[in-house]
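Peer 1: Take a look at this one; I'll ask things after.
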Amino acid sequence: MPLLKNDTLIADTWIHGGLDDQLPEAGDVIVPFARLLREFDQLSHRPDKLGVAFSNIDRAEALSTFLPRLSLVALPFPAFNDGRAYSLARQLRDFGFRGEIRATGNVLPDQLQFMLQVGFDAFDIGERFPLEAWKRASKQMSLAYQRGLFRRNSEAEVWTERHTDAEPWLEQPHAG
Amino acid sequence: MYRYDEFDHQFVRQRTAQFRDQAERRMKGELSEDEFRPLRLMNGLYLQLHAYMLRVAVPYGTLSGRQMRQLAMIAERWDRGYGHFTTRQNIQYNWIKLEDTADILSALADVEMHAIQTSGNCIRNVTTDHWAGAAADEIADPRPVGELLRQWSSLHPEFSFLPRKFKIAVTGAPNDRAAVKVHDIGLRLHRNDKGEAGWEVIVGGGLGRTPMIGVTVRDFLPEPELIGYLEAIMRVYNLYGRRDNKYKARIKILVHELGADKFKSEVEAEYARKPQASTEVEERELKRIAAYFAAPQFDKLPRWSAAFEAAKLKNADFARWARNNLGVHKVGGYAIVNISLKPEGGIPGDASAEQMRLMADLAERYGSDELRVSHYQNIVLPHVRKDDVFAVWQALDGAGLAAANHGLVGDIIACPGLDYCALATARAIPIAQSISRAFTDIDRQEEIGPVSINISGCINACGHHHVGNIGILGLDKKGEEFYQITLGGSPSEKASIGTILGPGFAGHEVAGAVGKILDTYLKLRAPSEDFIATYSRLGAKPFKEALYAAA
């Protein structure tokens, strides 16, 4: 499945391991959260990167001890209007997680900008829409009222624009 | 009142362009109706029984004359010459074409208005006291905070796909005219001994299928913490609110199921964890906004206006209207004018384009260019010199806008019901009209005194029937409309949910039943006791007997 990252389509090089699949000796793997809990010791000794496919009903805190070893957290959208993963992504970024946060499931162009703003930086997008549609969708609005969220170069925060004499926003976060 | 700066303008223009593109893609068939639906809803466009309905946000109910005139223009050019003011201080147009919608949004943007988030499972238009900035009992004008919240909640990326819609109301006065206890979040201003302002935060109130009074989670939240704390509430709700059942998805159910203490501790834990610098309400931003809401330059006038008193002596109709429709202004020599949109036998909340223009004229000429939409579906001119009140009344009278029933039986709140709404199970407007016609005798209305009648055409309770002193809920039983009556509701600071009286009534019986209830009240009331006080003292029993014993 094509993966959208930094406005380009890239191949997904991660190995998606199920709950009980045999994992290859090497290679970056994504495992379900239940498996991470069960086999964290073995998994953390693998030579390559480790990611987790999280659910949107578990608490972000449950991941906090694992985050330093994780390079990727995949958060699901079972339906485009199930918005729990927006809050989970924000919480993970608040915890200081700098790895990839990947949106999976029912990911649509019209929600792309919102996802970017809360800290998602990779998207499982399927084949339905051309890359152009995604690129256009990622910059539909160039202004936002909220502060301290993730902004691309083409976006500005109203507050910062209004108060140009202000100190640059210290915690302006940047994903990845 | 608030004026857009270049950034507000740019934001709304972009949003309009975005919608134009979406609507065009829909009309070309590139978007299916299923895919278009959430996009149009986020822009206030519903598909109703007969046509599209566009709900336009009137932030905290405040309008200028120019804006009201533009609403009139839209009604004439793209609708059927009228609009419907709602219980959420908004205006709805009921006969809209999809292909016109982007042009309408553009016309709204011309006067610093929009329809963003008047629908969908997001934070809706923030409502407040329709007497804000004018009321004598007010601690401070709540609208700067209303505007702050409008901006913060506009296209908030984290909170645009909540379990369900989310409504915030704000009041700056101890007498609650914003119904803050029956909102998802209600904010009520308090001042401490040091003169500092702090907000009581009330969560989990609501009407609909499961009416509840909200619980206070903070007694006195310092103003700079407001946004951060609200984000913590929203995050807890977004993560843990139920999504399995649309009727259990509002925050009130989460508060109820977790219990108020547990809910509060979740919020406090979230709030304590989150870095707060990025959400701190900056004093300079709040000051920037508040400057727009500075009170108009009031003249120094005597409290007593000779012209006003003389006009009342000369004209009994004016005297009656003045008695019922004026509110006490904080400045001597001024009055708050409440324009009733409830003429005898009329449709509650409807106004024609001509009427809107007239009200705009009056606001510009006599009222510091301000109008308010109230959640009672009326219009308010908040600052009118008493010397000018008679002239205002004359103009209103000439336009069919001088109903003297403000706060009385005839001042009925009703949702659009089955005449328009796709969700409705029964009609609401004809019931309102039949009650209105049964009480044409304004002397009798005045004798009965303050009482609120609220009618909803379905369980979703847009007519707020749970908090009507007399609430009427239209339901469908095997294809027949019938109406359940509740008594004892109130949206005030002493908020209460009405109690169902007994079996329902057919549509043509409702006005008679209301008559019996009010006759019973007149018989049993103590001197100077209003309806709700008598009900509180006596309970439902005598009313039940009057309604059902004889039958």
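The values are calculated or read from the model by the stated rules, or taken from the named source; none is laboratory data. The structure presented is a predicted model; accordingly, all values stated were derived computationally and were not measured. Virtual Cβ from ideal backbone geometry, glycine too; neighbours counted across all protein chains shown. Note: accessible area is taken over every heavy atom of the protein model, side chains too, but ligands, DNA and RNA are not part of it. Shrake-Rupley method; radii C 1.70, N 1.55, O 1.52, S 1.80 Å.
Peer 1: Round to the nearest 0.05 the FRET efficiency obtained for A:Asn6 and B:Glu446 when R0 = 60 Å and r is the Cβ-Cβ distance.
Peer 2: That pair, A:Asn6 with B:Glu446, gives E of 0.30.
Peer 1: Write out the cysteines belonging to the protein assembly as shown for which the nearest other cysteine Cβ is not under 4.7 Å, or none if no such cysteine exists.
Peer 2: That list is B:Cys122, B:Cys421, B:Cys458.
Peer 1: Follow-up. Spin-label point model (7 Å from Cα, Cβ direction): what's the B:Arg284 to B:Arg13 distance in nm?
Peer 2: In this crude label model, B:Arg284 to B:Arg13 measures out at 2.6 nm.
Peer 1: How much of the accessible area of chain A, probe 1.4 Å, is carbon plus sulfur, in whole percent?
Peer 2: 53 percent
Peer 1: Further question: Run through the DSSP bridge list for segment B:73-231 and note the antiparallel percent, rounded to the nearest 5.
Peer 2: Taking every DSSP beta bridge with both residues in segment B:73-231, the antiparallel ones total about 70 percent.
Peer 1: Related question: Relative contact order for chain B: what is it in percent, counting Cα pairs under 8 Å that are at least 6 residues apart?
Peer 2: 13 percent
Peer 1: Taking amide H atoms as placed 1.01 Å from N in the peptide plane, list the residues 5 or more away in sequence, or in a different chain, whose amide H sits under 5 Å from that of B:Leu47.
Peer 2: Hits under the 5 Å cutoff: B:Met53.
Peer 1: Report the accessible surface area buried between chains B and A, summing both sides, using a 1.4 Å probe on protein heavy atoms only, in Å² rounded to the nearest 100.
Peer 2: Heavy-atom accessible area buried at this interface is about 4000 Å².
Peer 1: Could you tell me the center-to-center distance, by alpha carbons, between segment B:286-314 and segment B:104-154 in angstrom?
Peer 2: 23 Å
Peer 1: Say R0 is 56 Å: what FRET efficiency, to the nearest 0.05, do A:Arg69 and B:Glu493 get from their beta-carbon distance?
Peer 2: It comes to 0.55.
Peer 1: Moving on to the next point. Rounded, prolate or oblate: which fits the protein assembly as shown, taking a ≥ b ≥ c as square roots of the Cα gyration tensor eigenvalues, rounded meaning a/c under 1.5, else prolate when a/b beats b/c?
Peer 2: prolate
Peer 1: Report the residues of segment B:5-48 in range of a label on A:Phe80: point 7 Å along Cα→C-beta, backbone N strictly under 11 Å from it.
Peer 2: B:31-40
Peer 1: Could you tell me the distance between the Cα centroids of segment B:1-48 and segment B:493-526, to the nearest Å?
Peer 2: Rounded to whole Å, the Cα centres lie 43 Å apart.
Peer 1: A further question follows. Which value, in debye to the nearest 20, describes the size of the charge dipole of the protein assembly as shown about its Cα centre when Lys and Arg Cβ atoms bear +1, Asp and Glu Cβ atoms bear -1, and nothing else is charged?
Peer 2: It works out to roughly 1100 debye.
Peer 1: Out of A:Leu43, A:Leu23, A:Leu75, any idea which swings most in a Gaussian network model of chain A, alpha carbons joined below 10 Å?
Peer 2: Top of the fluctuation ranking is A:Leu23.
Peer 1: Please list the non-local residues whose amide H lies under 5 Å from the amide H of A:Leu143, H modeled 1.01 Å from N, same-chain partners needing a gap of 5 or more.
Peer 2: Correct list: A:Ala156.
Peer 1: Also, quick follow-up: Using θ = phi - 60° and the Karplus form 6.51 cos²θ - 1.76 cosθ + 1.60, what ³J(HN,Hα) does each residue of segment B:232-237 get, whole Hz, x for Gly and Pro?
Peer 2: Each residue's phi maps through the Karplus curve to give 5, 4, 4, 5, 4, 5 Hz.
Peer 1: Label chain B by shape, choosing from rounded, prolate and oblate, from the square roots a ≥ b ≥ c of the eigenvalues of the Cα gyration tensor; if a/c is under 1.5 it is rounded, and otherwise prolate applies when a/b is larger than b/c, oblate when it is not.
Peer 2: rounded
Peer 1: For chain B, what is the charge dipole size about the Cα centre, in debye to the nearest 20, if Lys and Arg each add +1 at the Cβ and Asp and Glu each add -1 at the Cβ?
Peer 2: 900 debye
Peer 1: Counting only C-alpha contacts under 8 Å and six or more residues apart, can you give the relative contact order of segment B:413-548 as a whole percent?
Peer 2: Reported relative contact order: 20 percent.
Peer 1: How much of the DSSP bridge set in the protein assembly as shown is antiparallel, in percent, rounded to the nearest 5?
Peer 2: 65 percent
Peer 1: Structure shown: which of B:Lys165/B:Lys252; A:Lys5/A:Lys49; B:Lys165/B:Lys248; B:Lys194/B:Lys300 lie over 23 Å apart, alpha-carbon to alpha-carbon?
Peer 2: Flagged as over cut-off: B:Lys194/B:Lys300.
Peer 1: Quick one: compute the contact order of segment B:6-110, relative version, from alpha carbon pairs under 8 angstrom and 6+ residues apart, as a percent.
Peer 2: Worked out over segment B:6-110, it gives 29 percent.
Peer 1: Taking amide H atoms as placed 1.01 Å from N in the peptide plane, list the residues 5 or more away in sequence, or in a different chain, whose amide H sits under 5 Å from that of B:Ala57.
Peer 2: Here B:His114, B:Ala115, B:Ile116 satisfy the definition.
Peer 1: When the helix-only estimate is applied to chain A (DSSP H runs of n ≥ 4, each -39,500 (n - 2.57), divided by the residue count), what is the mean residue ellipticity at 222 nm, nearest 500 deg cm²/dmol?
Peer 2: Calculated mean residue ellipticity at 222 nm is -7000 deg cm²/dmol.
Peer 1: Calculated FRET efficiency, A:Asp94 and B:Glu268, Cβ-Cβ r, R0 22 Å, to nearest 0.05?
Peer 2: After rounding to 0.05, the efficiency reads 0.85.
Peer 1: Quick one: accessible area per residue over chain B, 1.4 Å probe, rounded to a whole number of Å²?
Peer 2: Averaged over the residues of chain B, the accessible area is 36 Å².
Peer 1: Spelling out what I want: for every residue of segment B:89-103, take phi, set θ = phi - 60°, compute 6.51 cos²θ - 1.76 cosθ + 1.60 (Karplus), and round to whole Hz; glycine and proline get x.
Peer 2: With the stated coefficients, segment B:89-103 comes to 6, 9, 10, 10, 10, 9, 10, 9, 9, 4, 5, 8, 4, 4, 5 Hz.
Peer 1: Also, I was wondering about something else. Looking at segment B:2-18, which residues lose a minimum of 10 Å² of accessible area between their chain alone and all protein chains in place, measuring with a 1.4 Å probe and not counting ligands or nucleic acids?
Peer 2: Residues passing the criterion (a loss of at least 10 Å², heavy atoms only) are B:Asp5, B:Phe7, B:Asp8, B:Gln10, B:Phe11, B:Gln14, B:Gln18.
Peer 1: Here is a follow-up. Of the DSSP beta bridges with both residues in segment B:413-548, give the percent that are antiparallel, rounding to the nearest 5.
Peer 2: 70 percent
Peer 1: Using the 2.2 N^0.38 Å rule of thumb for compact globular proteins, work out how segment B:30-173 stacks up: its C-alpha Rg over that value, please.
Peer 2: Taking N as the residue count of segment B:30-173, the ratio is 1.07.
Peer 1: Here is a follow-up. If you average the alpha carbon positions of segment B:236-266 and of segment B:356-394, how far apart do those two centres end up, in angstrom?
Peer 2: 41 Å
Peer 1: Additional query: Please report, as a whole percent, how much of the solvent-accessible surface of segment B:176-234 comes from carbon and sulfur atoms (probe radius 1.4 Å).
Peer 2: Result for segment B:176-234: 47 percent of the exposed heavy-atom area is carbon or sulfur.
Peer 1: Just check segment B:330-376 against the gyration tensor rule for me: Cα atoms, a ≥ b ≥ c as the square roots of the eigenvalues, rounded for a/c under 1.5, and otherwise prolate or oblate depending on whether a/b exceeds b/c.
Peer 2: oblate
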